[in-house]
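Working notes, beginning with the structure itself.
The values are calculated or read from the model by the stated rules, or taken from the named source; none is laboratory data. Quick caveat, the model's predicted, so the values are computed rather than measured. Neighbour counts run over all protein chains shown; Cβ positions are idealised from the backbone, glycine included. Accessible surface areas use protein heavy atoms only, side chains included; no ligands, DNA or RNA. Shrake-Rupley method; radii C 1.70, N 1.55, O 1.52, S 1.80 Å.
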Amino acid sequence: FVFVFHFICLLYFIFVIFSFLFFLIVLFDHLLFLFFFFFLMIRRPPRSTLSSSSAASDVYKRQPMNTASFEGDSAFTIEKDTIYEMLSNQRVIKTQKEIELLTWINGVSSRAHIDVMQKCKPQMSQHQLEAMFSFHCFFHGGMRQMSYSCICATGNSCAVLHYPDNDKTVIDGQMALLDMGGEYHNYASDITCSFPVNGKFSDSQRIIYSAVLDAQMQVFRALKPGAKWLDMHMLALRVMAGHLLKNGFFTAEATVDIIMEKHIMRLFQPHGLGHLMGMEVHDVGGYPKGGSVRPTSPDGKCLRTTRAMEKGICITVEPGMYFNQVLLTAAFADADISKYLNEAKLREFWEFGGVRIEDDVIITDDGILNLTCCPRTIEEIEATMAGAPFTKAPEVISN
């Protein structure tokens, strides 16, 4: 017992000694920290000295950007316009090699749209539609990036022309408006497909989709070298105005001529019919120096080009019809045009969103080559979404 007692006392003594040593070490560490802290504070210059010191502040000043220069460059005249116009015009007219590349890119992007169309189901997220498209383009076409940020709108988001979010749930009964295109070797594609997310068109969806498709088809049958783009734009608006009038969206006072004269179709398609495409999705050359000028009319001022068509031009044809609540609310308050609008009918489509159909075409000798190979008719879309295979080659249309 005495031995155990002495052993316990020894352990307690050792514990006390080590605790005291640990206390000294911690105390020394804190004193050392305080010493260096106060030492540095004493040695540090005042803040005003730092800010006024040219040696210190000059390092962080933003230096002006200087253009490239060389000795004797003042003897030369710098010309910035001619080469830009030359390069722009070269990019507008596509070579055969460029057409072959654009055809291949459109083929991959078209098949990606078909893949998304067949896999789209209610309760998915819009971002999943984007992910499926990007995966298909990369996996099957080696396209590491898209030509632009994918637009995956459903429901009333379809009325937002460049809808950026892609984060909503896909709801049964809605329309989807998917504007997506892959890019390869710095060349673009730009395709928009609109379809019911459940695979079956309702009566109201058929009315709007048929109007937009008819507008696109009539433009296709009019496009050829010499055709003026502004005329094509106005043709599409007139066709869609006729469909809206026939289906009761306007009052009995309205006619197609009045609708066009009052520029009412800008409420339903507040964008141009299309744009040049190539190395950029919205490519250069729309308004060349000395060429056509941008229209100032409410219907035409949104056009990205008014060029007359030439063989070799690549351009998108993308009529659309949207029920934008902001634009329509303002129109209802405008006495000059509200008398032609059937407000009750339009409010039935208040949450509809919109429809856009976009194909990429090449102007040929006597018409167009449609590079986009997606289902377009209502029958084709419903069959494809039901699982039927869909294949289509680029279509030649002679006018």
Q: Please work out which residue is farthest from ILE381 (Cα to Cα), limiting yourself to the stretch 127-181 and to residues that are touching a helix residue (DSSP H, G or I) at 6+ places or on another chain (Cβ under 7 Å) and open to solvent by 60 Å² or more (accessible area, probe 1.4 Å).
A: ARG144
Q) Which residue pairs have Cβ atoms under 6 Å apart, sit 6 or more places apart or on different chains, and have a first residue in the stretch 68-90 that is modelled with pLDDT of 85 or more and a second that is open to solvent by 100 Å² or more (accessible area, probe 1.4 Å)? A) GLU85/LYS289
Q: Report whether or not MET234 is of a type in the set (A, V, I, L, M) and in contact with a strand residue (DSSP E or B) (Cβ under 7 Å, 6 or more places away or on another chain).
A: no
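Of the residues SER297, SER292, only one is open to solvent by 40 Å² or more (accessible area, probe 1.4 Å) and either among the acidic types (Asp, Glu) or closer than 27 Å to ASN370 by Cα (or both); which? Explain how you work it out, then say what you get.
Working: SER297 fails: either among the acidic types (Asp, Glu) or closer than 27 Å to ASN370 by Cα (or both).
Residue meeting the stated conditions: SER292.
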Q. Across the stretch 110-153, what is the total count of residues that are within 20 Å of GLY353 (Cβ to Cβ) and among the hydrophobic types (A, V, I, L, M, F, W, C)?
A. 10
Q) Is it true that some residue in the stretch 314-321 is out of contact with any Gly (no Cβ under 9 Å at 6 or more places or on another chain) and assigned to a loop (DSSP other than H, G, I, E, B)? A) no
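In the stretch 304-352, what residues are acidic (Asp, Glu) and either modelled with pLDDT under 95 or under 30 Å from ALA188 (Cα atoms) (or both)?
GLU310, GLU318
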Q: Could you please find all residues in the stretch 119-159 being part of a loop (DSSP other than H, G, I, E, B), in contact (Cβ under 8 Å) with a residue 40 or more places away in the chain and under 14 Å from the mean Cα position of the chain (by Cα)?
A: SER147, TYR148
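Condition first: in contact (Cβ under 8 Å) with a residue 60 or more places away in the chain, open to solvent by 10 Å² or more (accessible area, probe 1.4 Å) and within 30 Å of GLY155 (Cβ to Cβ). Now tell me which residues in the stretch 300-323 satisfy that. Give the derivation first.
Taking the stretch 300-323 as the starting set, the residues that turn out to be in contact (Cβ under 8 Å) with a residue 60 or more places away in the chain are 300, 303, 305-323.
Filter again for open to solvent by 10 Å² or more (accessible area, probe 1.4 Å), leaving 306-308, 310-311, 318.
Selection gives GLU318 alone.
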(Q) Given the condition touching a residue at least 40 places away in the same chain (Cβ under 8 Å), within 30 Å of VAL284 (Cβ to Cβ) and over 23 Å from the mean Cα position of the chain (by Cα), answer yes or no: does some residue in the stretch 202-220 qualify? (A) yes
Q. Quick one: is LEU235 within 23 Å of SER292 (Cα to Cα), over 22 Å from the mean Cα position of the chain (by Cα), open to solvent by 30 Å² or more (accessible area, probe 1.4 Å) and modelled with pLDDT of 95 or more?
A. yes
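Of the residues VAL293, VAL281, VAL256, which is of a type in the set (Val, Ile, Thr) and in contact (Cβ under 8 Å) with a residue 24 or more places away in the chain?
VAL281
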